[in-house]
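Structure first, then comments.
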Amino acid sequence: MQRDLVSAIIEKTLLDISKETCSLVEKRLFADFYCRFSDCYSHPEHLNTILKEIFGNNYYIITDKIKAEIEKQPLDKKLTKFIEVLVR
């Protein structure tokens, strides 16, 4: 359930920027880590890496938006850890 929630939040956040941005991040995740948005719940460091590579110092704008959406949900240890790794 949380995995699907995180995946949906990541995808929606990127789609809010543009369809092309979402597609680029999705393709890079798969090419570099054989990973999909749903896998980012267990491996937020992959998403963090790709966002830093694509957006440079502005990656935090996206991670902050993802973090804000996730924090609207009841947080457990796993979601808290996801956020910590994502925003490094």
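Considering only residues that are small (G, A, S) and not in a helix (DSSP H, G or I), look in region 9-55 and name the one that is farthest from Q73 (Cα to Cα). Working first, answer last.
Within region 9-55, the first condition is being small (G, A, S), and the residues that meet it are 18, 23, 31, 38, 42.
Filter again for not in a helix (DSSP H, G or I), leaving 18, 42.
Values: S18: 24, S42: 17 Å.
In this case the residue turns out to be S18.
Which of the residues that make up region 30-64 are charged (D, E, K, R) and either closer than 17 Å to R3 by Cα or in contact with a strand residue (DSSP E or B) (Cβ under 7 Å, 6 or more places away or on another chain) (or both)?
Listed by number, the residues that qualify are R36, D39, E45.
For a quick check of your reading of the model, give me the residue pairs whose first member lies in region 62-83 and is part of a helix (DSSP H, G or I), whose second is of a type in the set (K, R), with beta-carbon atoms closer than 7 Å and at least 6 apart or on different chains.
Every condition considered, the pairs that remain are I83/K67.
Tell me, which residue of region 1-26 that is touching a residue at least 60 places away in the same chain (Cβ under 8 Å) and under 9 Å from the mean Cα position of the chain (by Cα) is surrounded by the most Cβ atoms within 10 Å (Cβ to Cβ)?
Going residue by residue through region 1-26, those that are touching a residue at least 60 places away in the same chain (Cβ under 8 Å) are 2, 5-6, 9.
Applying the additional criterion that residues be under 9 Å from the mean Cα position of the chain (by Cα) yields 6, 9.
Details: V6: 27, I9: 20.
The selected residue is V6.
Go through F33, F82, F37 for me and flag whichever is modelled with pLDDT of 95 or more, of a type in the set (F, W, Y) and crowded, with 18+ Cβ neighbours inside 10 Å.
Working: F33 fails: crowded, with 18+ Cβ neighbours inside 10 Å; F82 fails: modelled with pLDDT of 95 or more.
Residue meeting the stated conditions: F37.
Do you know which residues across region 1-35 are in contact with a helix residue (DSSP H, G or I) (Cβ under 7 Å, 6 or more places away or on another chain) and among the polar types (S, T, N, Q)?
Across region 1-35, the qualifying residues are Q2, S7, T13, T21.
The values are calculated or read from the model by the stated rules, or taken from the named source; none is laboratory data. None of the values given here were measured: they were computed from a predicted structure. Cβ sites come from the backbone with ideal geometry, for glycine too, and all protein chains shown count toward neighbours.
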